[in-house]
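Colleague: First the structure, which I've put down as structure tokens, then a few questions once you've had a look.
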Amino acid sequence: MWAVIGVWELNPEMHDEWRAQVPLMASSKVGLPGFVHGTWTQDGHAIQVYDNEADARRYHADMLEKGYLERPGLRNVVWDVAEVGAESQAP
């Protein structure tokens, strides 16, 4: 499995807008090719897991090409793809 990892710095005036968009960001990934699961925080962090490298890299590149990573009040700090080494889940 492969993860797309994103971290953003939000200007204070962006916090409410970001928080309002978190459910949409999460639900809009369901159904993407290779998407397995993801986690989005209220303060600008996201980890999305894909079942293969090609789909993770495709999503990563698509977000860059469309310019979704930066906008006024939102600065991307990390946008990377990494191989997942282990996962855990409570029963």
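The values are calculated or read from the model by the stated rules, or taken from the named source; none is laboratory data. The model shown is predicted, which means the values in this text are computed figures rather than measured ones. Methodologically, a virtual Cβ is constructed for each residue, glycine included, from the backbone with ideal geometry; neighbour enumeration extends over all protein chains shown. In case anyone asks, the SASA skips ligands and DNA or RNA and just uses the protein heavy atoms, side chains included. Shrake-Rupley method; radii C 1.70, N 1.55, O 1.52, S 1.80 Å.
Colleague: Pairs, please: C-beta under 6 Å, at least 6 apart or cross-chain, first residue surrounded by 20 or more Cβ atoms within 10 Å (Cβ to Cβ) and modelled with pLDDT of 95 or more and in region 2-13, second assigned to a helix (DSSP H, G or I) and not charged (D, E, K, R)?
Modeller: Close Cβ pairs satisfying both conditions: W2/A56; V4/A56; V4/Y59; V4/H60.
Colleague: Further, regarding this structure: Can you tell me which of (1) open to solvent by less than 40 Å² (accessible area, probe 1.4 Å); (2) in contact with a Lys or Arg (Cβ under 7 Å, 6 or more places away or on another chain) is the one M63 doesn't meet?
Modeller: So the condition that M63 fails would be (2).
Colleague: Moving on. Of all residues in region 33-88, how many are in contact with a helix residue (DSSP H, G or I) (Cβ under 9 Å, 6 or more places away or on another chain), modelled with pLDDT under 95 and in a loop (DSSP other than H, G, I, E, B)?
Modeller: Going through region 33-88 one residue at a time, the tally reaches 8.
Colleague: How many residues, within region 31-43, are within 12 Å of the chain's Cα centre (by Cα), over 27 Å from E13 (Cβ atoms) and open to solvent by 70 Å² or more (accessible area, probe 1.4 Å)?
Modeller: Residues flagged as within 12 Å of the chain's Cα centre (by Cα), over 27 Å from E13 (Cβ atoms) and open to solvent by 70 Å² or more (accessible area, probe 1.4 Å) within region 31-43 amount to 1.
Colleague: Hey, among A46, A20, which residue is aliphatic (A, V, I, L, M) and open to solvent by 70 Å² or more (accessible area, probe 1.4 Å)?
Modeller: Of the residues listed, the single one that is aliphatic (A, V, I, L, M) and open to solvent by 70 Å² or more (accessible area, probe 1.4 Å) is A20.
Colleague: For region 36-58, what are the residues that are farther than 13 Å from V7 by Cβ and in contact with a strand residue (DSSP E or B) (Cβ under 6 Å, 6 or more places away or on another chain)?
Modeller: Those that are farther than 13 Å from V7 by Cβ and in contact with a strand residue (DSSP E or B) (Cβ under 6 Å, 6 or more places away or on another chain): V36, H37, G38, V49, Y50, D51, E53, A56, R57.
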